[in-house]
Amino acid sequence: MIDKQVKDIAEALSGIANGASVLVGGFGAVGQPNALLDALGDSGLTDLTVIANNAGFEPDIGLGRLIGKGCVRKMICSFPRGSSTFDAAYKAGRIELEVVPQGTLAERIRAGGAGVPAFYTPAAVGTQLAEGRETRVIDGREYLLEYALTADIALVEAWRADRWGNLTYRGSGRNFNPIMAMAGRLTIVQAQHIVPLGAIRPDDVVTQGLFVNRVVHVPGGDPPVSRVATAEGGAK
Amino acid sequence: MIDKQVKDIAEALSGIANGASVLVGGFGAVGQPNALLDALGDSGLTDLTVIANNAGFEPDIGLGRLIGKGCVRKMICSFPRGSSTFDAAYKAGRIELEVVPQGTLAERIRAGGAGVPAFYTPAAVGTQLAEGRETRVIDGREYLLEYALTADIALVEAWRADRWGNLTYRGSGRNFNPIMAMAGRLTIVQAQHIVPLGAIRPDDVVTQGLFVNRVVHVPGGDPPVSRVATAEGGAK
Amino acid sequence: MTAGNAKPYRSRNKNEIARRAAADIPEGWYVNLGIGLPTLVADHIPPDREVVLHSENGILGMGPVPTAEEVDPWLINAGKENVTLVEGASLFHHADSFAMIRGGHLDLCVLGAYEVAQNGDLANWTTSFNDRVPAVGGAMDLSVGARNVWVMTSHTTKDGQPKLVERCNYPLTASSAVTRIYTDLAVLDVSPTGFLVIDMVEGLTREMLQGLTAAPLRYA
Amino acid sequence: MTAGNAKPYRSRNKNEIARRAAADIPEGWYVNLGIGLPTLVADHIPPDREVVLHSENGILGMGPVPTAEEVDPWLINAGKENVTLVEGASLFHHADSFAMIRGGHLDLCVLGAYEVAQNGDLANWTTSFNDRVPAVGGAMDLSVGARNVWVMTSHTTKDGQPKLVERCNYPLTASSAVTRIYTDLAVLDVSPTGFLVIDMVEGLTREMLQGLTAAPLRYA
């Protein structure tokens, strides 16, 4: 019987080596695999390359904590702002940064998962991010060559998971998670709910189990709320 | 108010010109926009380039009929077998054929819809389909350069549609339909059911309305059944 | 500024710029509103006009800012603010979201800017080649992908330097991308021959506007 | 064939080849079965062994052939035959389906063949450069994408010509792709040094098998 559920976070993370490349799902506070990241931060691993949209937010939680603990040698991301631990490490020269436009980042990861080693994109052409890099004119427009991204590990947060590793996400929690699940050589999922096989209808599976290696049950609760309407109708 | 529903098939197909390129969804008998194709076949249009997985099946229905009526100058497809009208036109030299591996066809269409003008793939490397074409070695493996496919028109069959053009599909009826909806400059949908806005839950929308231009209600019924189990347990 | 220099015009405030831009968005457009000032546009789209709002992180069909009661912590926009969904909304992943953007399926994105050049070049992601921490987000993809790229910005910097220029000094986000600019003083098209003023605030003269702009202006 | 030439062995029939191949598929593998002979493998996977079957047209988790009562006309496989779904099945579009294939996420595909060369070259899509109508389907993607590529085929053509050869004469589907071959006579690995016989049917001698094979055989 196929059963990808593991008993705890330690088992979920077993076998990750120093120097590993790690895809980390999530956008803002939603869809972040924080339980996995927290444990990874406490693991003492070093020289990780992390690929994520952001570089964490709270210094004690998730990616911010992983960086604060000195586990990360290099970040590949589109928007590393709002993370005091990243800021400190970057200014001190303790962490490398590769900035990638968000859509290029998403497409490079999707390409990695889909077996497409490289592709062309109009994004960043003529900017400093394209300096010295290969471009190609196709039908009169200039495009930049971009290479696929894969990684040793993908860390994913899902809403529901079954024993085959089929996944759904909640709200904007999909974000990078489904494509990172595709691009990880070892894809590890923390899921809010474990459901029986068949409970996720065939039309509703967002990430197919064949992309998933391990699932750990983490009923983590809701992400923090950032903005609500004021009595006057604006936003706070 | 956004309302992409049109009153009939004639309105759905209005404005298509001779020489247009047309993406046609469907795989086997499932997900074929046959009502649109039948009407297109009766339109007297000529010199169409059709991009589809197959080249039709029944001579009087759908793509087979469109080809039989002499509307098609060129087919781009992966498996043009089982179509008597295509066979006859091909043998008589009345129709051009570009054979593309099925996964490359799907990825070229998806790339067209996603604004990726070209990409590399391992499929067909070292075969006659790659003869004389550009390849590139990436990380020690040889890949073939493939260009995106878009088209003037995409014809799609969906299960449910709302007035924004949000779509779902039934069973294996997704196949090429969602990516063709993305890659058509004018995407025309025949839908089995028209449902109120909001009836398709946000998580369940497969094709977003922004890819769709026109929806026509065609409660066409089920595709034909091809195989069932015999009393002995095998298949007929 | 001394009393003798009192301006003969009143600049549009942020909400007025947003309202002016919102008025120009036709029904049925698919629109991405950038972080910051552009987000305000959502509040000013006439309620009887259906405009579908997109967010890079996988949402099409965002609605008004939620009240404390209706907030869904699992639903945020690209600015990491909690949002609502309208009927007809859909959710999808980042690669599909940027397929919409890069594939030319958005009618419009509205972005902020540090500088816009008269040929439509946009600089809006970093003000130096040695910024605190470089961060680009989705701006490069949006500005090359959307069919129309509008900029909302103050006409000058806080210390009075023009943001509409002949040639950008800051690192580019995209070349020849911007199609229209909404400032606190005017609305301008980026035409093949440079900036074309569509309208400007009452009391402002052409000479004053030209004095605050570092590229030649023409008038529609 | 005259009575005097009666073979001292019995060739495996189609279902026996399929059963032999099915026995080698480990639990938990994700498997695509090609049109025709390979489809039979599904009927011979032990019922207590979970193997997840993939179809190019967007299905993961196919079950047994349906009865007339349970047939869903909206559900077909790549061979355009009606199929069923098991619990845990999922549906997706063609680009996602081939992302699974090309991205190396399938443990195995099983294909038919016109010829297999001793270096793993596969020819299975056309038997001439001027075929009736060229048609390739998903074979090129499957044979370069799956982690293991098994071929199921008769050991020789109907008129006795070897299909296992030093070098393919027919147009290639993929280079160095095939990892294992199941024929009516034997099971062979494609090793770095050529064909390696894993087992063969009872009564068949090494000399006989070599005589029906156009490339040197070694034995495991």
| task | Quick one: which residue in B:201, B:185, B:174 is surrounded by fewer than 19 Cβ atoms within 10 Å (Cβ to Cβ), within 15 Å of the chain's Cα centre (by Cα) and among the charged types (D, E, K, R)? | result | B:185
| Qualifying residue in the stretch C:179-200 (condition: within 14 Å of chain A (Cβ to nearest Cβ), in contact (Cβ under 8 Å) with a residue 24 or more places away in the chain and either part of a loop (DSSP other than H, G, I, E, B) or out of contact with any helix residue (DSSP H, G or I) (no Cβ under 6 Å at 6 or more places or on another chain) (or both)) | no
| query | Do you know which residues across the stretch D:206-220 are in a loop (DSSP other than H, G, I, E, B) and touching a helix residue (DSSP H, G or I) at 6+ places or on another chain (Cβ under 9 Å)? | reply | D:216
| task | Could you list all residues from the stretch D:124-134 that are surrounded by 23 or more Cβ atoms within 10 Å (Cβ to Cβ) and in contact with a strand residue (DSSP E or B) (Cβ under 8 Å, 6 or more places away or on another chain)? | result | D:124
| note | Taking the stretch B:1-37 and the residues there that are touching a helix residue (DSSP H, G or I) at 6+ places or on another chain (Cβ under 7 Å) and of a type in the set (S, T, N, Q), the one that is surrounded by the most Cβ atoms within 10 Å (Cβ to Cβ) would be B:32
| Do you know which residues across the stretch D:135-174 are surrounded by 18 or more Cβ atoms within 10 Å (Cβ to Cβ), over 13 Å from the mean Cα position of the chain (by Cα) and either of a type in the set (Lys, Arg) or part of a loop (DSSP other than H, G, I, E, B) (or both)? | D:135, D:136, D:137, D:138, D:163, D:168, D:170, D:171, D:172, D:173
| task | Looking only at the stretch A:65-79, decide whether some residue is within 13 Å of the chain's Cα centre (by Cα), within 12 Å of chain C (Cβ to nearest Cβ), over 27 Å from residue D:100 (Cβ atoms) and of a type outside the set (Phe, Trp, Tyr). | result | yes
| task | Taking the options C:149, C:133, name whichever one is in contact with a helix residue (DSSP H, G or I) (Cβ under 7 Å, 6 or more places away or on another chain) and modelled with pLDDT under 95. | result | C:133
| task | Report yes if residue A:60 is more than 12 Å from every other protein chain (Cβ to nearest Cβ), among the acidic types (Asp, Glu) and surrounded by fewer than 24 Cβ atoms within 10 Å (Cβ to Cβ), otherwise no. | result | yes
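Yes or no, residue by residue, for (1) among the charged types (D, E, K, R); (2) in contact with an Asp or Glu (Cβ under 9 Å, 6 or more places away or on another chain):
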{"residue": "A:165", "(1), (2)": "no, no"}
{"residue": "A:171", "(1), (2)": "no, yes"}
{"residue": "A:200", "(1), (2)": "no, yes"}
{"residue": "A:204", "(1), (2)": "yes, yes"}
| Tell me, which strands (runs of 3 or more DSSP E) lie completely within the stretch B:82-188 with 3 or more residues that are more than 22 Å from residue B:71 (Cα to Cα) and either in contact (Cβ under 8 Å) with a residue 24 or more places away in the chain or more than 13 Å from chain D (Cβ to nearest Cβ) (or both)? | B:118-121, B:135-138, B:141-147, B:151-161
| Boolean, residue D:106 is within 26 Å of residue A:194 (Cβ to Cβ), among the aliphatic types (A, V, I, L, M), modelled with pLDDT of 95 or more and not in a strand (DSSP E or B) | yes
| task | Could you list, in sequence order, all residues of the stretch A:38-49 that are buried (at least 20 other Cβ atoms within 10 Å of the Cβ) and either in a strand (DSSP E or B) or within 14 Å of another protein chain (Cβ to nearest Cβ) (or both)? | result | A:48
| message | Tell me the residue from B:10, B:20 that is closer than 16 Å to residue B:180 by Cβ and modelled with pLDDT of 95 or more, please. | response | B:20
| note | Quick count over the stretch B:42-78, residues being among the basic types (Lys, Arg) and closer than 25 Å to residue B:113 by Cα, is 2
| Does residue A:1 satisfy being in a strand (DSSP E or B) and either closer than 16 Å to residue C:57 by Cβ or touching a residue at least 24 places away in the same chain (Cβ under 8 Å) (or both)? | no
| Matching residues in the stretch A:145-176 - criterion: being within 30 Å of residue A:126 (Cα to Cα) and in contact with a helix residue (DSSP H, G or I) (Cβ under 9 Å, 6 or more places away or on another chain) | A:146, A:147, A:148, A:149, A:150, A:151, A:175, A:176
| field | Complete set of residues in the stretch A:189-216 that are in a loop (DSSP other than H, G, I, E, B), over 18 Å from residue D:28 (Cβ atoms) and touching a helix residue (DSSP H, G or I) at 6+ places or on another chain (Cβ under 8 Å) | value | A:206
| message | So in the stretch B:206-223, with the set limited to residues that are touching an Asp or Glu at 6+ places or on another chain (Cβ under 9 Å), under 20 Å from residue C:95 (Cβ atoms) and hydrophobic (A, V, I, L, M, F, W, C), which one is surrounded by the most Cβ atoms within 10 Å (Cβ to Cβ)? | response | B:210
| request: Only residues that are touching a strand residue (DSSP E or B) at 6+ places or on another chain (Cβ under 7 Å), farther than 26 Å from residue A:186 by Cβ and within 11 Å of another protein chain (Cβ to nearest Cβ): list them for the stretch D:103-123, please. | output: D:122, D:123
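The values are calculated or read from the model by the stated rules, or taken from the named source; none is laboratory data. Just so you know, these numbers come straight off a predicted model, no measurement behind them. Backbone-built Cβ (ideal geometry, glycine too); neighbour counts: all protein chains shown.
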